[in-house]
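Each remark here refers to the structure printed beneath this line.
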Amino acid sequence: MIVLGVDPGSHATGFGVISTSPVVRLLEGGVIRTSSKAPLAERLHTIHNALTEVFSRHAIEAMAVEDLFNAKNARSSLILGHARGVILLTGAEAGLEVASYAPREIKMAMTGNGSATKEQVRFMIMRILGLKKEPAMDMSDALAVALTYKNRRIR
């Protein structure tokens, strides 16, 4: 199965595509960056277009997205919600099953500790996928989401 994991953000959205069989391996990953000076609608459009391009390069069968967490202020939460909405819509347009996981659940799935640091999660991602180079943090978070889907859905 090919799974796309996404870590939503309005300025930096991480994504990671993994294949789950015969062994788990990374197919593609990266960070979709938008200009902080661009209007929100333009940033959301950039995220949509970039994810659509990822769909065109892979036969993605499922998508997993990190749930919102309580941001420092209501405006940040609202903007992040817009980005997450566009991501969910993009997955739905592609006809994908879209799963969501809370940050604590992702940390627990990757490290066995729901309070793990991002660095601990990245360490586990590197070990599971056999990566030699540290991925960007947003990409690492997205890969953790994809691997959580694999661990929760595929037995």
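The values are calculated or read from the model by the stated rules, or taken from the named source; none is laboratory data. Please read these numbers as outputs of a predicted model, since none were measured by experiment. Heads up: the accessible areas ignore ligands, DNA and RNA and are worked out on the full protein's heavy atoms, side chains in. Shrake-Rupley method; radii C 1.70, N 1.55, O 1.52, S 1.80 Å.
Annotations for the structure displayed:
- Considering all C-alpha pairs of the range 1-145, those separated by over 28 Å amount to 14%.
- Counting only whole DSSP H helices of the chain, the ones at least 20 Å long by C-alpha along their axis and with mean Kyte-Doolittle hydropathy no lower than -0.5 are 40-57, 74-93, 137-153.
- Fraction of beta bridges assigned by DSSP in the chain that are antiparallel (%, nearest 5): 60 percent
- Mean sequence separation of contacting Cα pairs (under 8 Å, at least six apart), scaled by the length of the range 50-115, corresponds to a relative contact order of 38 percent.
- Lys pairs, the chain - Cα-Cα below 23 angstrom, 8 or more residues apart or on other chains: 12
- Rel. contact order, % - alpha carbon contacts under 8 angstrom, at least six apart, the chain: 32 percent
- From its DSSP helices (H runs of at least four residues, each -39,500 (n - 2.57)), the chain gives a residue-normalised ellipticity at 222 nm of -16000 deg cm²/dmol.
- Heavy-atom surface analysis with a 1.4 Å probe gives the range 75-155 a carbon and sulfur content of 53 percent of its accessible area.
- For the range 58-141, the per residue solvent-accessible surface stands at 56 Å², with DNA, RNA and ligands left out and a 1.4 Å probe.
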